[in-house]
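Asks: Supplied in structure tokens, the structure appears directly below.
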Amino acid sequence: MIARTADVPESTTLGSTTDDLGRTTSVVRRTTLPSGLRIITEENAGARSATIGVWVGVGSRDETARLHGASHFLEHLLFKGTRERSAWDISVALDEVGGEFNAFTAQEYTCFHARVLAEDLPLAVDVLGDMITSSVITADDVEAEREVILDEIAMHDDDPDDVVHQLFVAGAFGADTPLGRPIAGTTGSIEAMQRDQIRRFYRRHYRPERMVIACAGAVEHDAVVAGVLAAFARADFLAGTAAPVAPRSTAARRVRVRPGEHRVVRPFEQVNLVLGGEGLSRHDPDRFALGVLNTALGGGTSSRLFQEVRERRGLAYSVYSFASHYAETGLLGVAVGCLPARVEEVLGVVRAELAAVAADGITEEEVRRGQGQLRGGLVLGLEDSASRMSRWGKGELVHGETLDVDRLLERIGTVGVEDVRRVAARVLTRPKLLAVVGPR
């Protein structure tokens, strides 16, 4: 474990759980440093590993057109070396203790995460602190990683599912808008990106008040805070005082989804399509009812779309629905992959199902199944420390709070047939957007 120090700031207990014998099984605590950096831990009794994540409140929607892809580019570059460690040192540090180490970039945040044995958590904290605060971002590293990212963009461009979803998002928000652009950038934007631009982006956005450090598993809160104070003190990163940055405003102007039809011809064997429209923001109180609706509509093998499109008619191998939530908008869509000759029939069936649910809602049995799937997915997903870490880190960063599991289960359980019917009428009657990628 990380050694305690006397100057650890006071923590707040956010919640705890007990077993049937009254023994404490988990405790969640939060500490906010004077710099604005927030640290949340969940100590789980009996765990022997721990997962730590550094969540940064910057993503592709924070980029200008000239900096398109900078968040993702920077994510790659922070693994390339610091004043104390080379790229090789960073790779070896976690590999030699059997740890898992990675990162990802989304539209509204970036996350660096590591999963290790409990005794190796101090090492993970130190490596992450070094990377986040002290990356050197050399010209040679920028050029080497530029080629890697161009390969990654080409790889996604060869994946029909990736292509159609990006086409759908670009059509929904506009291909020239921050939400509509691909997270990784384009070939043109990455080729034009300069080292100085990336370094300025790094210094501007990677600030303690824009970050949350979340840790779950075999952890002890004060010890983690002490380790963070030491590891993130490099380069005067924690100097000064600042109030935490509020989550993206819930009062921000609503982003409308643009209806229409977009087609791209590619020499794929299948046609991939997405049909959908505007959904709900992540702050909308109806998001729980939408979750039940989405699950019943296309969230599993018992869902309406799977049964009607695949099981009864045999029109497609893959069919599912999805919901994406952002600060002030969202998407709800249906994705299908089918043979070219079946496209029109598939679209007819999907449109008919959406219209029927918009008009009549879903049955009580479908609501119960949807609730069961959401509850089961939530609880089963919390069986490992990585999922728990993600819940707390993302919740604190994008919402400013995270509902505990019991409150989430309660919110899901209170969704009724009328709630789903109201949300279906609200969302499924909105103008539709269709994206199609295939041989013709």
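The values are calculated or read from the model by the stated rules, or taken from the named source; none is laboratory data. Bear in mind the structure is a predicted one, so any value in this text is a computation, not a measurement. Reconstructed Cβ throughout: ideal geometry from the backbone, glycine too, with neighbour counts over all protein chains shown.
Asks: Can you tell me which residue in the stretch 159-178 is nearest to GLY69 (Cα to Cα), limited to those that are in a helix (DSSP H, G or I) and among the acidic types (Asp, Glu)?
Replies: Restricting to residues being in a helix (DSSP H, G or I) and among the acidic types (Asp, Glu), the top hit is ASP162.
Asks: Looking at the stretch 64-71, can you tell me whether even one residue there is assigned to a strand (DSSP E or B), touching an Asp or Glu at 6+ places or on another chain (Cβ under 9 Å), of a type in the set (S, T, N, Q) and buried (at least 22 other Cβ atoms within 10 Å of the Cβ)?
Replies: no
Asks: Restricting attention to the stretch 408-419, does a residue exist that is in contact (Cβ under 8 Å) with a residue 24 or more places away in the chain and within 19 Å of ARG430 (Cβ to Cβ)?
Replies: Yes, there is a match, as at least one residue in the stretch 408-419 is in contact (Cβ under 8 Å) with a residue 24 or more places away in the chain and within 19 Å of ARG430 (Cβ to Cβ).
Asks: Follow-up. Please pick out the residue among ALA223, ALA243, ALA230 that is surrounded by fewer than 19 Cβ atoms within 10 Å (Cβ to Cβ) and in the same structural domain as THR110 (by TED's automatic domain parsing).
Replies: ALA230
Asks: What number of residues within the stretch 381-430 satisfy the criterion of being of a type in the set (Lys, Arg) and at pLDDT below 90?
Replies: 1
Asks: Name the residue, out of GLY217, GLY185, GLY171, that is crowded, with 16+ Cβ neighbours inside 10 Å and within 19 Å of the chain's Cα centre (by Cα).
Replies: Within the list GLY217, GLY185, GLY171, the selection yields GLY185.
Asks: Further, regarding this structure: Among the residues of the stretch 84-140, how many are surrounded by fewer than 20 Cβ atoms within 10 Å (Cβ to Cβ), in a strand (DSSP E or B) and over 18 Å from the mean Cα position of the chain (by Cα)?
Replies: 3
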